[in-house]
């Protein structure tokens, strides 16, 4: 079994044509700050560690970091006594949170999961499932089955990110066929708005 945590998983997905948020891994403050200036404040800072599955539980994520508090937050993370690869500087994205993924069922094979994300995702568990592969119509049906599907269409007349979500779901369908050894894929979250969709965290397990 091989596990790709966030950094490796995002690189893998980006190579496969998935929309992944702008980000880069750093070990020194100056390079990190210059990159943050280039992509534009505010940014997100995350401790990159293969030992951490839930970074928020150990306060290893800093959201909405601006130029004034960048140094303090970066140093707080880089000096944490956790085995790490560095600190990820990531573009801050506004939008709706969606969970997408793959589970490999011993009976049915690859199953795609879609759900509403955000801080209550673990509690509410608003998800829908389909056996892969799926087409565009089935992807849309999955989203409509979600109890919170109105969240995706709540910005006036625009269907926020629905098209972009479906595009990612179809890419997931293709990747499951291309890499049958994937036993688990978690995209949590995919952040979507009227203009685009961005994967901001991911994890992949290979058999």
Worksheet item: Can you give the angle from 0 to 90° between the axis of helix 29-39 and the longest principal axis of the chain, with both taken from C-alpha atoms, to the nearest 10?
Response: 50 degrees
Response to the item:
Going fewest to most other Cβ atoms within 10 Å around each Cβ, 201, 126 line up as 126, 201
Item to complete: Over region 96-206, calculate the relative contact order: mean separation of alpha carbon pairs under 8 Å at least 6 apart, over the residue count, as a percent.
Response: 31 percent
Practice prompt. Indicate, rounded to the nearest 5 percent, the antiparallel portion of the DSSP beta bridges found entirely in region 96-206.
Written response: 100 percent
Worksheet item: By how many degrees, between 0 and 90 and to the nearest 10, does the Cα long axis of helix 162-178 differ from the longest principal axis of the chain?
Response: 80 degrees
Worksheet entry | Rg/Rg_globular for the chain, with Rg_globular taken as 2.2 N^0.38 Å and Rg from C-alpha atoms | 1.04
Response to the item:
Sorted largest first, the C-alpha extents of region 22-91 along its principal axes in whole angstrom are 29, 22, 19
Worksheet item: Sorted by packing (mean other beta-carbon atoms within 10 Å per residue), highest first, where do 8-15, 185-192 land?
Response: 185-192, 8-15
Item to complete: Show me 98-107, 62-71 ranked by packing, highest mean number of other Cβ atoms within 10 Å first.
Response: 98-107, 62-71
Discussion item. Please compute one quarter of the surface area of the Cα convex hull for region 96-206 and express it in square nanometres.
Written reply: 6.7 nm²
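The numbers here are math on the coordinates, done by the rules we state, and not lab data. Since the model is a prediction, treat every value here as computed from it, not as a measurement. Backbone-built Cβ (ideal geometry, glycine too); neighbour counts: all protein chains shown.
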